[in-house]
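K.L.:
Got a structure for you, written out below as structure tokens; questions coming shortly.
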Amino acid sequence: MGYQPKYAPQKKKGPSGAAVVLALLLVPLSLVCTGKLLSFLYHTPGEEIQAVTEPMKTPDMSISEQIGDFASIQLQNAEAALDGVLHETQPPETEPPRVITPIPADAQMGPKPDSTKYGQVQNPADMESVLKDAAFLLKDDPMYFSASAELFADTPVRYYLDDSIFAVTWKEAHDKSVYTFSEVKIADPSQLRRHLSDGAFGSGKLYYPTEMAQTVNAVVATSGDFYANRPAFGIMAYEGQVKRTVEVAYAETCYIDDKGDMIFSYMKELPTQKEAQAFLDENNINFSLAFGPILVDNYQVRELPNVYGVGEIREEYARAALCQMAPLHYLVVVANWEGDQPDDPTVERFQKVVAATGCKMAYCLDGGQTATVIMDGELINRPAKGEQRRISDIVYFATAIPEGG
């Protein structure tokens, strides 16, 4: 702002609405009263004086009484009109625009989240106000998370909310296992991302999931398919390009398209790299996850295969899944034993709990010691053997608000 003299002339303001109403009502009122007074003063002797309003019909009312009655009625009308101006309903304040910045496809990390947007509560009921604040982002999407959720062993509910992402993470006990859920709603498809160690396919480097999540500024992250540990399985796609296609006879693949939707290919489909690339191009695929099996497809609980290439689906292991609830609405699910819940589930038992969330799509990621959930760079679940495993990749959700707003 430029310098202004201390006594700079002020800009004149126009008349207010109240002043206009007073002028329109009181000026005619004064003219009418003046006219009535003159008519009384100059009327012909013996001529009957006509009342100007109903209350002035009494014949024996004095001139001053009739004028006073008339003036009182007009002033009441003016007061009512003035009150209407002063108390007229103001238009509701409109929300400021929520501006987000889509993350470039080739970006190696997301913007840094605002640390003040994280929070946690011990009682799920205390999330009611947070859910209300997140309504602009959730719109009409029902949440799987409930303010009446029964938490495992007094563990907290953690959350993050800004103009582009809402994430809530909590634990529940189901069927003798502890399930860690992280429900995420994003504003733009670019916020669902995959990170490969050192940011390149085939780098050969392995890191803890928390290390990679911190590196890419993940709000929430989960372990991926650990592609480096099984080079001969499934269709591996990254940045829209097929990197390898092997052993699809016993493999099912999950793809994330440019709308953020999960799409599947089943066993024996897309057997060649050429066919796989054509599928990627046709469906605008950003990246794939090659583990499986598919658990839920378009709300239908999938009948599990008798034979599957990885995951020891009939045995008890810690499990992980990526689920889609609705457009840009996801659920990460990890199950393992913890505390007084002694079991790791089979895929069949895991599938029942996952399907009960009401998800539209669900796909198994690498389990066992790999299966992890990270929020704000912190490990949330208890991994198998009680500690993280170094792996090659994660799936994560990022804010789309540039650092500093």
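K.L.:
Scan segment 151-192 for residues that are acidic (D, E), open to solvent by 30 Å² or more (accessible area, probe 1.4 Å) and in contact with an Asp or Glu (Cβ under 9 Å, 6 or more places away or on another chain) and jot them down.
P.N.:
D175
K.L.:
Okay, next question. State the number of residues belonging to segment 141-150 that are surrounded by fewer than 12 Cβ atoms within 10 Å (Cβ to Cβ) and in contact with a strand residue (DSSP E or B) (Cβ under 9 Å, 6 or more places away or on another chain).
P.N.:
Let us first name the residues in segment 141-150 that are surrounded by fewer than 12 Cβ atoms within 10 Å (Cβ to Cβ), namely 142, 148, 150.
With the extra rule that they be in contact with a strand residue (DSSP E or B) (Cβ under 9 Å, 6 or more places away or on another chain), the set shrinks to 142, 150.
So the count comes out to 2.
K.L.:
Now a separate question. Enumerate the pairs (first residue in segment 129-153 and touching a residue at least 40 places away in the same chain (Cβ under 8 Å); second residue anywhere and outside any helix (DSSP H, G or I) and surrounded by fewer than 14 Cβ atoms within 10 Å (Cβ to Cβ)) with beta-carbon separation below 6 Å, excluding pairs fewer than 6 apart on the same chain, so at least 6 apart or on different chains.
P.N.:
A153/G339
K.L.:
Let me ask something else. Can you find even one residue in segment 222-243 that is surrounded by 18 or more Cβ atoms within 10 Å (Cβ to Cβ), without any contact (Cβ under 8 Å) to a residue 24 or more places away in the chain and not in a strand (DSSP E or B)?
P.N.:
No: zero hits.
K.L.:
Count, please, the residues in segment 279-319 that happen to be out of contact with any Lys or Arg (no Cβ under 7 Å at 6 or more places or on another chain), outside any strand (DSSP E or B), of a type in the set (S, T, N, Q) and at pLDDT 95 or above.
P.N.:
Residues flagged as out of contact with any Lys or Arg (no Cβ under 7 Å at 6 or more places or on another chain), outside any strand (DSSP E or B), of a type in the set (S, T, N, Q) and at pLDDT 95 or above within segment 279-319 amount to 2.
K.L.:
Tell me which of these Y227 doesn't satisfy, since it passes every other one: (1) over 30 Å from V242 (Cα atoms); (2) out of contact with any Phe, Trp or Tyr (no Cβ under 6 Å at 6 or more places or on another chain).
P.N.:
Every listed condition holds for Y227 apart from (1).
K.L.:
Another question, then. Say we look at segment 263-289 and pick out the residues that are farther than 22 Å from A326 by Cα and aliphatic (A, V, I, L, M); which of these is surrounded by the most Cβ atoms within 10 Å (Cβ to Cβ)?
P.N.:
Here the answer is A276.
K.L.:
Can you report the number of residues in segment 118-165 which are over 13 Å from the mean Cα position of the chain (by Cα) and among the basic types (K, R)?
P.N.:
1
K.L.:
While we're looking at this one, here's another question. Hey, any hits in segment 243-252 for a residue that's at pLDDT 95 or above and among the aromatic types (F, W, Y)?
P.N.:
For segment 243-252, residues at pLDDT 95 or above and among the aromatic types (F, W, Y): absent.
K.L.:
Let me ask something else about it. List every residue pair whose Cβ atoms sit under 6 Å apart, with the two residues 6 or more apart in sequence or on different chains, where the first one lies in segment 333-357 and is touching a residue at least 12 places away in the same chain (Cβ under 8 Å) and the second, anywhere, is surrounded by 21 or more Cβ atoms within 10 Å (Cβ to Cβ) and among the charged types (D, E, K, R).
P.N.:
A335/R319; N336/D344; W337/D344; P345/R319; F350/R319
K.L.:
Hey, another quick one. Restricting to segment 291-316, and then to whatever is buried (at least 21 other Cβ atoms within 10 Å of the Cβ) and touching an Asp or Glu at 6+ places or on another chain (Cβ under 7 Å), can you tell me which residue is farthest from C359 (Cα to Cα)? Let's see the steps before the verdict.
P.N.:
Our first condition is that a residue be buried (at least 21 other Cβ atoms within 10 Å of the Cβ); within segment 291-316, this holds for 291-296, 309-310, 313.
Checking which are touching an Asp or Glu at 6+ places or on another chain (Cβ under 7 Å) leaves us with 291-294, 309.
Details: F291: 19, G292: 16, P293: 16, I294: 12, G309: 25 Å.
Only one residue tops the list, namely G309.
K.L.:
With the structure loaded, tell me whether R314 is free of Cβ contacts under 8 Å to residues at least 40 places away in the same chain, at negative phi and charged (D, E, K, R) or whether it fails that test.
P.N.:
On the way: free of Cβ contacts under 8 Å to residues at least 40 places away in the same chain: yes; at negative phi: yes; charged (D, E, K, R): yes.
When the stated conditions are applied, R314 passes them.
K.L.:
Still on this structure: Against the condition part of a helix (DSSP H, G or I), under 19 Å from V373 (Cβ atoms), open to solvent by less than 20 Å² (accessible area, probe 1.4 Å) and at pLDDT 95 or above, how does A213 come out, does it pass?
P.N.:
Details: part of a helix (DSSP H, G or I): yes; under 19 Å from V373 (Cβ atoms): yes; open to solvent by less than 20 Å² (accessible area, probe 1.4 Å): yes; at pLDDT 95 or above: yes.
It is true that A213 is part of a helix (DSSP H, G or I), under 19 Å from V373 (Cβ atoms), open to solvent by less than 20 Å² (accessible area, probe 1.4 Å) and at pLDDT 95 or above.
K.L.:
How many residues does segment 244-261 hold that are assigned to a strand (DSSP E or B), open to solvent by 10 Å² or more (accessible area, probe 1.4 Å) and touching a Phe, Trp or Tyr at 6+ places or on another chain (Cβ under 8 Å)?
P.N.:
Total meeting the criteria: 1.
Residues checked against (1) under 26 Å from D261 (Cβ atoms); (2) among the small types (G, A, S); (3) in contact with a Gly (Cβ under 8 Å, 6 or more places away or on another chain):
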position: V99; (1), (2), (3): yes, no, no
position: K139; (1), (2), (3): yes, no, no
position: S148; (1), (2), (3): no, yes, no
position: V157; (1), (2), (3): no, no, no
position: I165; (1), (2), (3): yes, no, no
position: H174; (1), (2), (3): no, no, no
position: F181; (1), (2), (3): yes, no, no
position: K185; (1), (2), (3): yes, no, no
position: L192; (1), (2), (3): yes, no, yes
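The values are calculated or read from the model by the stated rules, or taken from the named source; none is laboratory data. Model, not experiment: these values are computed from the prediction. A quick note on method: Cβ atoms are made from the backbone with ideal geometry, for glycine too, and the neighbour counts reach across all protein chains shown. Calculation scope for accessible area: heavy atoms of the full protein, side chains included, ligands and nucleic acids excluded. Shrake-Rupley method; radii C 1.70, N 1.55, O 1.52, S 1.80 Å.
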